[in-house]
Structures are given as C-alpha cells and as structure tokens.
Amino acid sequence: MLGIAIGLTGCGYHTAGAAAHVPANVRTMAIPVFKTNVQQFHTEVALTDATIREMNTRTRYRVIHSDDTDASDAMLTGTVLTENIAPLTYDPSTGSTSSYLVQITAKIVLTARDGRVLYRNDRLSFREQYQSTQDLSAFIQEDGAAVQRLSKDLASEIVADVLNSF
C-alpha cells in the first residue's frame, strides 16, 4: 500500500490552471506577437491571439500583450517556423483539387524573468483540412479560416503543454 501511495503522489496530477513546472511566484505572463519565418499573411497574429485567449480562459495568470520583460514574471514567445498548404484530394470529374491540408510548425518558449527556460518545444506541429470551392461565382478563400481553426487547436495544445509538463 505504501508503494502505491508513493507512486500516486509522483504521477503528475495537479489542479486545473496550476502549472506543475511554472514557479508559484509567476502571476503575470507576457505574450508578445509571435515571430514568423513564413510568407503567409497574419498567421503569427492569429496564433498569438488564440494563445492569449486560451491562456486567459484556462489559467489564473494575468496575461499582458507585451514584449517588455520587466512587466511580467514570465514571457511566452513563439515563432512560426513553417506553414505549408498542399493539395489533399482531387475531384476526378474535373481534375481540380477538392481539398487542401494546412500544416503549421511553431517553436514555443516560456522564459522566467531571470532568463530560466521553464518550457520549450522546438517543433510543435498541427494540421487542418479544408475544402475548396468549385463554383467560381461563389468562391470563398478557405485557407484563412483553416488557419484560424488551426490556431485555436495549436493554442490549446500550447497552453496544455505549458500547464501539464507532458
């Protein structure tokens, strides 16, 4: 029984909104606009906004949209490393692409005010599929909406990783 009790105490469970590896003195977290290494327009802004919303929703930290290291106890930075849009399926009757796959890879680092790295993931990756419109008179560009959906999923994963240390 003692062995089971000891094993359960080290299993990593903790209360929601409390990060296991973020120091207790961290109350304010800065999240500046993520950097980008890609040509696509506004992906870094969508990902930053989604991460701030997710952090505000799921944690007790006061989140500030700043790159001032003195204004916060910790800073979450990100860089969009890659964004690829590739044809996924084709319409056999027209020979045109009927769906696409968007894949984004990002680097995320949480740093304490003193410079210690509290969390780091150099290759966080997510994918989202979207359908293309075949009717050109009603054409709607869907890749931006797919990036918005993907940003929400990626932000959820970022916050979960930061909070849970898994």
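Summary of computed values
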item: Qualifying residue in region 88-97 (condition: touching a residue at least 24 places away in the same chain (Cβ under 8 Å), assigned to a strand (DSSP E or B), open to solvent by 10 Å² or more (accessible area, probe 1.4 Å) and within 22 Å of Glu44 (Cα to Cα)); result: no
item: Residue in region 64-76 that is part of a strand (DSSP E or B) and among the polar types (S, T, N, Q) present; result: no
item: Looking only at region 142-166, and only at residues there that are of a type in the set (Asp, Glu) and within 11 Å of Ile85 (Cβ to Cβ), the one that is modelled with the highest pLDDT; result: Asp143
item: Unique match (being at pLDDT below 90, within 30 Å of Asp68 (Cβ to Cβ) and of a type in the set (Phe, Trp, Tyr)) among Phe139, Phe126; result: Phe126
item: Per-region count, region 42-71, residues small (Gly, Ala, Ser), over 13 Å from Val159 (Cβ atoms) and in contact with a helix residue (DSSP H, G or I) (Cβ under 7 Å, 6 or more places away or on another chain); result: 1
item: Pairs, first on the phi < 0 side of the Ramachandran plot and open to solvent by less than 20 Å² (accessible area, probe 1.4 Å) in region 104-127, second among the acidic types (Asp, Glu) and not in a strand (DSSP E or B), C-beta under 9 Å, six or more apart; result: Ala106/Glu44; Ile108/Asp161; Ala112/Asp73; Leu124/Glu157; Leu124/Asp161
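The values are calculated or read from the model by the stated rules, or taken from the named source; none is laboratory data. This is a predicted model, so every value here is computed, not measured. Cβ coordinates were reconstructed from backbone atoms using ideal geometry, including for glycine residues, and neighbour counts include every protein chain displayed. Ligands, DNA and RNA are stripped out before the accessible areas are found, and what is left, the full protein with its side chains, is counted by its heavy atoms. Shrake-Rupley method; radii C 1.70, N 1.55, O 1.52, S 1.80 Å.
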